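FYI, it's all coordinate maths here, none of it is from the lab. Source: prediction; values computed, not measured.
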Amino acid sequence: MIRIRAENVFPDAVLQVPPNPCMAEARKEAEMVMFGSIDDLLAKTRVKAKDIWMLIVNCSLFCPTPSLSSMIVNHYKLRGNIMSYNLGGMGCSAGLPKCT
């Protein structure tokens with residue numbers, strides 16, 4: 001039997017009493033997921049952040065200001081002339097088309 005703890009599944013904002021669904025908590029959760037994924041990707045590919053010349057961030061619902069792509073560019077100190085695109089707030093239509 002597999003036991004899953006609530007702390008491993010739900011974001012902190014939902015586990016607080018009372019729940020705290022605010023922009024700061026949503027941003028913290030987004031940073032945790034994005035930065036963890038990017039750290040793993042950079043480590044596995046041995047690519048340096050300064051070698052990245054284009055960044056596209058696609059999020060269907062959460063659309064903060066500054067944008068998610070800005071958060072990534074600033075966090076990793078990506079090059080000054082990076083082509084950065086933030087796709088957001090489009091709901092399900094923000095998904096990439098399936099190529100056949």
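Quick notes on this one:
- Sequentially through the stretch 12-20, phi angles give Karplus couplings (6.51, -1.76, 1.60; θ = phi - 60°) of 4, 4, 7, 7, 6, 10, x, x, 10 Hz, Gly and Pro residues having no value and appearing as x.
- Using θ = phi - 60° in the Karplus curve 6.51 cos²θ - 1.76 cosθ + 1.60, the 3J(HN,Hα) couplings for the stretch 39-53 round to 4, 4, 4, 5, 5, 5, 8, 6, 8, 8, 4, 5, 8, 7, 10 Hz; x is entered for Gly and Pro.
- Stokes-Einstein D in µm²/s, Kirkwood radius over Cα pairs - the stretch 30-83 at 37 °C with 0.692 mPa s viscosity: 279 µm²/s
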